[in-house]
Amino acid sequence: MTPPPCGPHSRIERLALPGVLTTAQVTRTVAGIAALQRPDGAIPWFRGHHLDPWDHVEAAMALDTAGEHARAEAAYRWLAEHQNPDGSWYAAYADGDAHAPTDRGRETNFTAYVAVGVWHHYLSTGDDAFLDRMWPTVRAAIEFVLRLQRPGGQIGWKREAEEDGGAAVADALLTGCSSIHQALRCGLAIAEHREEPQPGWELATGRLAHAIRHHPERFLDKSRYSMDWYYPVLGGALTGAAAKERIEEGWDAFVVPGLGVRCVLPNPWVTGGESCELALALWVMGESDRAVAILRWIQRLRAEDGLYWTGYVFDDDALWPEERTSWTAGSLLLAAAALGGDEATTTVFGGELLPAGLEPGPSDASACCHGLPVDGLR
């Protein structure tokens, strides 16, 4: 693949949005994320705090949107070098130090997201050698995730830390599974590009999508959280009229006009990350005007260094917590990239060019007998 004919400067210009971000502001935000990256490639939330693999990938994707490909590749190299033997990563590492995990649980959505980032980086650069190097990492990560898929299609939240017994947690989270759905589709895109068919992944993706669309009872009830509201749309499981209906149903509950998106009901707290992700979901639905409006609202969270405060408690007129995270800025840049037409970003979030998996047959539960490793059964 030949990457788009544009250098870093033109990529920065594409991220600028009238009334939201100027080119100079984009440049400062990119520099803010880059300043948080360790020399080994790790990107913690902020220096002195922890790194989790999902937000690490999101920040790397944001760097790619701005043409910072070497930095993004270093982030993926960190993942490849520190992957656990079972294909996972730990849930948290102190300041991104791979030798200092602070949470040895192994979460499935954290592990799966590497597939989204790797495919996004390849689409940004056309670097086949990179894809060759990362393929074993992606494959091992997805296999870890699918070992926790339940007979109903949903995927268990995590595997406990070894010191706590290492048991698989069967409870499934709708937000996490929606993110995994996107990751599986990106994994399938990588496999197709490499001409290495993965029929088990195709079936697993279809079963997961079926569960998200039709079986809310298979997931823990986290409906108070805005991510459970919009993530089935952002992750590509709900599209068209079903996506529109879901977003409209929750709009008045979660969206605070002029401020952003609540993290959790009924708390008077809007957060930058959730607001940017909803904007990205709106773009996926073709509602760019509403997406831009939300991005405009959250500019109150912007700090002088180009990073963004995590959230705003509007009853108290207070920024809270007092932290500026790499992933909040990353989510903003990804939303801006989609709205600006960045090909790699529109491909991994738009979904039209990603494999959809195989729709399960009438006997959905019988899929566990079709060669997929289901935890507890084999």
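The values are calculated or read from the model by the stated rules, or taken from the named source; none is laboratory data. Everything numeric in this text was worked out from a predicted model, so none of it was measured. Quick reminder, even Gly has a Cβ in these numbers, built from the backbone with ideal geometry, and neighbours come from all protein chains shown.
Annotations
- Of residues in the stretch 294-331 being hydrophobic (A, V, I, L, M, F, W, C) and within 18 Å of PRO44 (Cβ to Cβ), the one surrounded by the fewest Cβ atoms within 10 Å (Cβ to Cβ): ALA303
- Residue selected from the stretch 164-219 under the condition small (Gly, Ala, Ser) and not in a helix (DSSP H, G or I), by the criterion nearest to the chain's Cα centre (by Cα): ALA172
- Qualifying position, being under 25 Å from ASP221 (Cα atoms), in contact (Cβ under 8 Å) with a residue 60 or more places away in the chain and not acidic (Asp, Glu), among LEU148, LEU123: LEU148
- Number of the condition not met by ALA94 [criteria: (1) buried (at least 21 other Cβ atoms within 10 Å of the Cβ); (2) in contact with a Ser or Thr (Cβ under 7 Å, 6 or more places away or on another chain); (3) within 18 Å of PRO44 (Cα to Cα)]: (1)
Condition check ((1) within 30 Å of PRO136 (Cβ to Cβ); (2) at pLDDT below 95; (3) among the hydrophobic types (A, V, I, L, M, F, W, C); (4) surrounded by fewer than 24 Cβ atoms within 10 Å (Cβ to Cβ)) across all residues:
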residue: ILE190; (1), (2), (3), (4): yes, no, yes, yes
residue: TYR225; (1), (2), (3), (4): no, no, no, yes
residue: PRO232; (1), (2), (3), (4): no, no, no, no
residue: GLY235; (1), (2), (3), (4): yes, no, no, no
residue: TRP251; (1), (2), (3), (4): no, no, yes, yes
residue: GLY258; (1), (2), (3), (4): no, no, no, yes
residue: GLY272; (1), (2), (3), (4): no, no, no, no
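- Taken as a whole, the condition of being within 20 Å of the chain's Cα centre (by Cα) and within 24 Å of GLN149 (Cα to Cα) applies to ALA115.
- Any hit, the stretch 125-136, residues being more than 15 Å from HIS193 (Cα to Cα), in a helix (DSSP H, G or I) and hydroxyl-bearing (Ser, Thr, Tyr): no
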